[in-house]
Amino acid sequence: FLVGPPGSSKSAAWRTLAATWTDAGTPTTFRDIDPKALAPRELYGYVDPISREWHDGVLSRTMRELSVADDAHPKWLVLDGDVDDGWLEDMKSVMDDRRVLLL
């Protein structure tokens, strides 16, 4: 976790780390998502109440995309944005007791 006030170079820090790893021979793929820019059902996904079908959200779609890559290089899913109580509660509701994301 990188936590700090706005404008304290948190995004620059992780981008620099990814670029450094890539330059050192460990290609690092990342996807940057601002969780506050999306409604919870857009971010996490939802079950259609009529058809009972699951519709992927941005997180589950991105995780699936990163998981099918044919390499073993690092892949980061970065949630880059303001942290607030509502967003944290939404995150906790999709994690199990071991803090593993369940989508």
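Before moving on, here are some points about what is shown:
- Check: the chain dipole with +1 on Lys, Arg Cβ and -1 on Asp, Glu Cβ, in debye: 160 debye
- All-pairs alpha carbon distance profile, the stretch 37-96, 10 Å steps from 0, percent: 18, 46, 29, 7, 0
- Probing with 1.4 Å while keeping every protein chain in the model, the per residue accessible area of the chain equals 71 Å².
- Helix 10-23 and the longest principal axis of the Cα set of the chain meet at an angle near 60°.
- Once the Cα atoms are used to define both axes, helix 58-67 deviates from the longest principal axis of the chain by about 60 degrees.
- Separation of the Thr22 and Ser9 label points, Cα + 7 Å toward Cβ, nm: 2.0 nm
- Percent accessible area from carbon and sulfur atoms, the stretch 1-54, protein chains only, probe 1.4 Å: 60 percent
- Within straight-line cross-link reach of Lys36, lysines at Cα separation under 17 Å, skipping those fewer than 8 residues along the same chain: Lys10, Lys92
- Selection from Val78, Leu38, Val58 lying farthest towards where the dipole of the chain points positive, charges on Cβ: Val78
- For the chain, radius of gyration divided by Kirkwood radius, i.e. Rg to Rh on alpha-carbons: 1.00
- Short-range pairs are left out: with C-alpha atoms under 8 Å and at least six residues apart, the relative contact order of the chain is 27 percent.
The values are calculated or read from the model by the stated rules, or taken from the named source; none is laboratory data. The structure displayed is predicted, hence computed values, not measured ones. When we count neighbours, we look across all protein chains shown, and the Cβ atoms used for this are built from the backbone with ideal geometry, even at glycine. When the accessible area is computed, the model is the full protein with side chains, heavy atoms only, and any ligands, DNA or RNA have been set aside. Shrake-Rupley method; radii C 1.70, N 1.55, O 1.52, S 1.80 Å.
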